[in-house]
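Inspection log for the structure reproduced underneath, given as structure tokens.
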Amino acid sequence: MELALALPSIILDPDLSTILTIDEMNAINDVILYDVEFSKNLPQSAFTADLERQVDHKKTLGDVVKRYKKNIAVIDKIGRKCSENITNTTIKYEKRQLGLYKVWEHEQREIQSALENVIDDLESLKNANRNLEQAIHARRSTAESKLLAIIAKYDAEIGSRHQMLQELNEIYEYDKLEKHALEVILSL
């Protein structure tokens, strides 16, 4: 009878209610109520034996509850360790990622610096090539103008000599005709 009165408090215990289903609690309730009804019809010695059995059952149930609470404590401890491990793993991963990011940033700065140096070298080469091209163009222009001056001088000189040659050729032809005319006159 005492167990029947204690059953509602046992069933309402949150630790037990998580390990026992409603059907199991109903079955326990039915067994206890049956035992109570049965013990009313038994003689006193059977009732005492039933009470002893109920006391043993209470002890067993108490032991189960103690083991359950102990297991819950162990599970909680394992859960805390898992949570700490997850947190530590996350922190380690974040630190490693931060380290990798810093290394990547450093490498990026080095590459950027090397790129800027290459760009500066390229600009220097472009300027040197441009200056060299301008110098070559200036020398070529100077050489071309000197050559044109020499050609113009020779053209003028050749032109005047050609004219002189034509004049001399005309004089020669005239003298030749005159000579021929004199020879004709003399041969007559």
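Coordinate-derived values only; no laboratory data. Because the structure is a prediction, the values reported are computed rather than measured. Glycine also receives a Cβ, built like all others from the backbone with ideal geometry; neighbour counts cover every protein chain displayed.
With θ set to phi - 60° and the Karplus curve 6.51 cos²θ - 1.76 cosθ + 1.60, what are the ³J(HN,Hα) couplings of region 127-137 in order, to the nearest whole Hz, using x for Gly and Pro?
With the stated coefficients, region 127-137 comes to 4, 4, 5, 5, 5, 5, 4, 5, 5, 5, 4 Hz.
Need the list of lysines near Lys92 for cross-linking: C-alpha distance under 26 angstrom, and skip anything on the same chain fewer than eight residues off.
Reachable lysines: Lys77, Lys81, Lys102.
What's the local net charge at Asn131, with K and R +1, D and E -1, over the other residues with C-beta under 14 Å away?
+1
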